[in-house]
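Here the structure comes first, spelled out in structure tokens, and everything after it is commentary.
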Amino acid sequence: MNFLRQLSALLRMNLLGLPQRLGLVCTTVIGVTCAVGVLVSMLAMGVGARRQAMGNVRPDRVTLLSVGALGPGQSSIARNMAVLIQDLPGIRRNAKGEPIVVPQASVFMTARRKASGTPVGFPIVGSGMELGDYTPELVLTSGRMFRPGLRELIASNYCAQQYQQFGVGDTRTIQGRDWRVVGNFDLGHTGGTCVVYADADTVLSAFGRDSYNQVNVMLQSPAAFTRLVDAIRANPVLRVEARHEADLVAQDMQQVNGILNFVSYFIGTILALAATIGAANSLYAVVDSRRRELATLRAVGFNGLPIVVSILCEAIILALPGALIGAGLAWLFFNGRAASPFGTQFHLVVTSSLTLLGVAWALCMGLIGGLMPAVRAARVPVTVALRAT
């Protein structure tokens, strides 16, 4: 008998015997289901966080940072330099004919959660008055925009819902002075983030600073990025460098994604090991119960390799429904569910790529769990069948 004929016959025998081993089959399927379901559900947090962070990103928005700065937190751009940026080529102008250039400075403040009173720190973003032109996704839902030169704030609706004293008309004490909340807004796809804006120069004055962290500009088109960069390099006074908005957002997400992925794979690996051990024990029990049958097959001419492959195929066949059930349960119970592990709310997203990853994860569990039992099955001595006869 050739290899394929032997393998086909063995697979048929293995599958026909599954109903007789229903308890062991269920143990394997349930273990794989739990491992895949947890892994896919937790990775869905990272996908949801990335999708929300990138939801408002536009190719025609660029951020200027000081040379060598890794991010806005390490950047420092003097006020006089920010004025020179307005004359650079490739920058779009608003309806008034003014360049859409938005200097920003971030300072940290503390607020308390409404539910628990727990203090939480997050930034106030001092911004130029062209903020509305630069971020058309910012839509005021109540109140009005802050005015230049006044201690006024506008806060996202998420802030107003989750934290104390961020509704329109509320007053907050910052640096020993009262600041009035004059507006609440939605910010497109990043509605689960607490964002507070104020006038940039007023923020700098209140905190004794004389430089911005970044200057945001809107381009006439994405293709204008090259013209802008060339003009910056040609002017030795401008010690700044341009970064695409998408690059900065992706950089900001690296740490969050790293934490989420580490936790996901750590817990997923522990569950996968447990499921693999369970599958191996189940297959060992199957092999031990079929020792006489396997020895008889060897005696009538079946080779060891088809036996090994048939046991591995059985392990994969048992893992596959567990993978599909686990991914399906993750989608059913967690897709679209809100989560806020770092104080920022986003929705979990179970994608087809995560489902495929879960299936691959399960197949690996099946292969690893079935390898040693398969080798053991192939080594069952022919004398076992002869003694039984």
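Observations on the model:
- Flag if residue 165 is within 33 Å of the chain's Cα centre (by Cα), surrounded by fewer than 21 Cβ atoms within 10 Å (Cβ to Cβ) and part of a helix (DSSP H, G or I): no
- Any hit, region 53-62, residues being in contact with a strand residue (DSSP E or B) (Cβ under 9 Å, 6 or more places away or on another chain), free of Cβ contacts under 8 Å to residues at least 60 places away in the same chain, among the polar types (S, T, N, Q) and surrounded by 14 or more Cβ atoms within 10 Å (Cβ to Cβ): no
- When residue 349 is tested against the conditions (1) β-branched (Val, Ile, Thr); (2) surrounded by fewer than 24 Cβ atoms within 10 Å (Cβ to Cβ); (3) over 30 Å from residue 163 (Cβ atoms), the lone failure is (3).
- Subset tally (residues that are acidic (Asp, Glu) and surrounded by 15 or more Cβ atoms within 10 Å (Cβ to Cβ)) for region 239-261: 2
- For residue 77: the one exception among (1) within 27 Å of the chain's Cα centre (by Cα); (2) of a type in the set (A, V, I, L, M); (3) closer than 26 Å to residue 244 by Cα: (1)
- Residue within region 171-183 that is in a loop (DSSP other than H, G, I, E, B), more than 22 Å from residue 349 (Cβ to Cβ) and at pLDDT 90 or above present: no
- Qualifying residue in region 134-154 (condition: free of Cβ contacts under 8 Å to residues at least 60 places away in the same chain and aromatic (Phe, Trp, Tyr)): yes
- Extreme residue, farthest from the chain's Cα centre (by Cα), among residues of region 19-48 that are without any contact (Cβ under 8 Å) to a residue 60 or more places away in the chain and within 22 Å of residue 324 (Cβ to Cβ): 19
- Some residue of region 230-243 being assigned to a helix (DSSP H, G or I) and in contact (Cβ under 8 Å) with a residue 40 or more places away in the chain: yes
- Cβ-Cβ under 7 Å pairs, at least 6 apart or on other chains, region 178-190 side within 18 Å of residue 162 (Cα to Cα) and of a type in the set (Asp, Glu), far side modelled with pLDDT under 95 and exposed (fewer than 15 other Cβ atoms within 10 Å of the Cβ): 186/139; 186/141
- Residue check for residue 202: within 24 Å of residue 120 (Cα to Cα) and among the β-branched types (Val, Ile, Thr): yes
- Filtering region 119-144 to residues that are within 20 Å of residue 164 (Cα to Cα) and crowded, with 16+ Cβ neighbours inside 10 Å leaves 122, 123, 124, 125, 143.
Condition check ((1) under 26 Å from residue 49 (Cβ atoms); (2) buried (at least 19 other Cβ atoms within 10 Å of the Cβ); (3) out of contact with any Asp or Glu (no Cβ under 8 Å at 6 or more places or on another chain)) across all residues:
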| residue | (1), (2), (3) |
| --- | --- |
| 114 | yes, no, yes |
| 177 | no, no, yes |
| 182 | no, yes, no |
| 188 | yes, no, no |
| 197 | yes, yes, yes |
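The values are calculated or read from the model by the stated rules, or taken from the named source; none is laboratory data. Only a predicted model underlies this, so the values are computations on that prediction, with no experimental measurement involved. Cβ sites come from the backbone with ideal geometry, for glycine too, and all protein chains shown count toward neighbours.
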